[in-house]
Amino acid sequence: MKPVDFGMTSNHLFPSMRHAAAITLAGFIVITAIGYSSSFKSPDIDYAWMAFYILVSVPVQEILFRGVLQKRLYKFGRRKAIITASILYSAIHFRNPLLMALTLAAGLLWGYSFSRHATLAGPAASHAVLGLYLFLFVL
């Protein structure tokens, strides 16, 4: 298999990034509106951790849940694939029910974006920006 088979491509980059910008803006609004800071606290964040998050954690999660799992589930229908992959993605955030709900919503939107544009560029960019927003300004 080639990287493009997992969504690692610049094809459809600009439509994917426009879609990601809309998802990210919606995420900022929702996260801020619900005052998400009540019960989940991250460990102290440092620059090395943020670099790890952006360069390793986000790409691995996106490749695993959307590039591999979601694509393999397409044989059952795209909608079922997006929902199933998003539920499993949300489940890894089990420590906090509110975080699970937020990641489920984001996962559904990122999954739809990946299904529509066949690139992980937009979902990964949105994932990284929203994650950093949570860690730096909300949690």
Under DSSP loop assignment and at most 16 Cβ neighbours within 10 Å, longest trypsin sites (Lys or Arg not before Pro)-free interval of the chain
42-94
Quick one: Trp110, Trp49, fewest Cβ neighbours within 10 Å first, how do they rank?
Trp49, Trp110
If each residue's Cβ is checked for other Cβ atoms within 10 Å, how do Ile63, Ile29 rank with the fewest at the top?
Ile29, Ile63
Spatially near lysine pairs across the chain, Cα under 25 Å, sequence gap of 8 or more or different chains:
4
Tell me the Kirkwood hydrodynamic radius of the stretch 49-139 in angstroms, computed as one over the mean inverse distance between distinct C-alpha pairs.
13.1
Could you check which residue among Gly111, Gly27, Gly77 shows the biggest mean-square fluctuation in a GNM of the chain with a 10 Å Cα cutoff?
Gly77
Pick from Leu108, Leu120, Leu25: which is most flexible by mean-square fluctuation in a GNM of the chain where alpha carbon atoms under 10 Å apart are linked?
Leu25
Cβ charges +1 (Lys, Arg) and -1 (Asp, Glu), total dipole of the chain, debye
660
How far apart, in nm, are the 7 Å Cα→Cβ label points at Trp49 and Arg18?
3.8
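A short reminder: the numbers here are calculations on the coordinates, not readings from a lab. Treat the numbers as computed from the prediction; the structure is a model and nothing was measured. Methodologically, a virtual Cβ is constructed for each residue, glycine included, from the backbone with ideal geometry; neighbour enumeration extends over all protein chains shown.
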